[in-house]
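Have a look at the structure below before the remarks.
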Amino acid sequence: MGYDLERFVGYVNEGLLCCVCRDVLQRPLQAPCEHAYCSACISSWLVHHHSCPEDRLPLDVGSLKPLYRYMRNDLNRLQLRCMNAGQGCEVVCSLENMHTHEDECEFAFISCSNTGCPVQVERRGLEAHLSECNFRSRECPNGCGHTLLSIDQSQHNCVAELRTEVEMLRAEMLCKVEEVRREMESRLDSQRRHMVQKESQLKNDMEELKGQLSRVMCDMRALLGAERLRRQEMAEAELEKRELMELLRDLQPTRSQHPVEQQASMDQKTCGWELHTEPTRHQQRETSFQASSLSLHSAQATISGPPPSPQLGAGTRKGGTRSLTLDCIKRKSREVTVI
Ligand SMILES: [Zn+2]
Ligand SMILES: [Zn+2]
Ligand SMILES: [Zn+2]
Ligand SMILES: [Zn+2]
Ligand SMILES: [Zn+2]
């Protein structure tokens, strides 16, 4: 809608009037037929019509143009009264400057700046209203820290307000505590499950290690037994060796004086072979014993895997052979003595 013609001071050219509302053009637009209209007027007209409202020539929104510059200048220079003239404003100025004036016109009605206040007052009366507005707020004079609306001030009770606030905070805190507790519980649960899993895994490992340990202990006992046996055999062998050496020493002076020397010498050779082989066997036994000791050490170092089985039968067999040799020598010695 255009500006009310009544507000204008002096003559207004008819070309500056809207063809729809017949008031002075507001935000003017011009048709190709050079008729001019307020922007709002022609927009609502073209919703139901497709022609110029003045001469009925075809018209659509796309063909509307801004007003000629000289006409805009004429329009802007028109003098009119303030829209608040009814309230007492006596300002008259050009249309161009009227918006600026009306934005700060002391007679214009404006809303109270306090939140929630529905009162509309003239700009010049705002200060007076604010001083007595029911929606003005200020801090409680008793120091409880609450901001009070003047309308509520008479009913304000610091203790009750604070108690309510404390209750609310308490409820909020309880809520948070409960939330944290639930979270902690769920975390603990998951950790507990994890620990139980770990524990059973460790138990299994322990059982396995125990099994390995008992196997190793068994092997060690067997090896120790074998070692004891070998030591015993060695002691026996040493004893036999000493006996044989003594026998040999006893035989040495008689051998050359008897006619059966040949025979004795032959026997001596046989027995001598046994004697000569004796240290070799002794060495073999020692080597075998060292090998077993090495096996024992390696078994102790790596407590897993099957240890080498001790060779128990070999020593006994050798002992038997040795006893035979000893018997043979003793027999020969007796024969020699008889002769
Ligand atoms: Zn109009
Ligand atoms: Zn027209
Ligand atoms: Zn005014
Ligand atoms: Zn107010
Ligand atoms: Zn208070």
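Restrict the search to the range 49-153; then list the trypsin sites (Lys or Arg not before Pro) that DSSP places in a loop and that have at most 12 other Cβ atoms within 10 Å of their Cβ.
Details: sites: ARG56, ARG69, ARG72, ARG77, ARG81, ARG123, ARG124, ARG136, ARG138; in loops: ARG56, ARG136.
Passing both the DSSP loop test and the Cβ count: ARG56.
Let me check I've understood the local charge: for GLY145, count other residues with C-beta under 13 angstrom from its C-beta, Lys and Arg +1, Asp and Glu -1. What total comes out? Present the calculation step by step, with values, prior to reporting the outcome.
Working: positive: ARG138; negative: GLU139, GLU161, GLU165.
Net of charged neighbours comes to -2.
Residues with beta-carbon under 14 Å from that of GLN212, excluding GLN212: net charge, scoring Lys, Arg +1 and Asp, Glu -1? Before the final figure, lay out the partial values.
On the way: positive: LYS210, ARG215; negative: ASP205, GLU207, GLU208, ASP219.
Surrounding charge for GLN212 is -2.
Please report LEU209, LEU248, LEU75 as a ranked list, fewest other C-beta atoms within 10 angstrom at the top and most at the bottom. It would help to have the intermediate numbers written out before the result.
Values: LEU209 12, LEU248 15, LEU75 22.
Least crowded to most crowded, the residues run LEU209, LEU248, LEU75.
What list of ³J(HN,Hα) values in whole Hz, one per residue of the range 126-137 in order, does the Karplus curve 6.51 cos²θ - 1.76 cosθ + 1.60 (θ = phi - 60°) give from phi, with Gly and Pro shown as x?
So the J values, rounded to whole Hz, are 4, 4, 4, 5, 4, 5, 10, 5, 6, 9, 6, 10.
In the range 153-242, which trypsin sites (Lys or Arg not before Pro) are in a loop and have at most 11 other Cβ atoms within 10 Å, using DSSP for the loop call?
Numbers: sites: ARG163, ARG170, LYS176, ARG181, ARG182, ARG187, ARG192, ARG193, LYS198, LYS203, LYS210, ARG215, ARG221, ARG228, ARG230, ARG231, LYS241, ARG242; in loops: none.
When the trypsin sites (Lys or Arg not before Pro) of the range 153-242 are filtered for loop state and at most 11 Cβ neighbours within 10 Å, nothing remains.
Give the residue list of GluC sites (Glu not before Pro) in the range 74-103 that are DSSP loop and have at most 11 other beta-carbon atoms within 10 angstrom.
Here the sparse-neighbourhood loop sites are GLU90.
Only the coordinates and a few stated rules stand behind these numbers; no lab work does. This structure is a prediction, so every number in the text was calculated from the model and none was measured. A quick note on method: Cβ atoms are made from the backbone with ideal geometry, for glycine too, and the neighbour counts reach across all protein chains shown.
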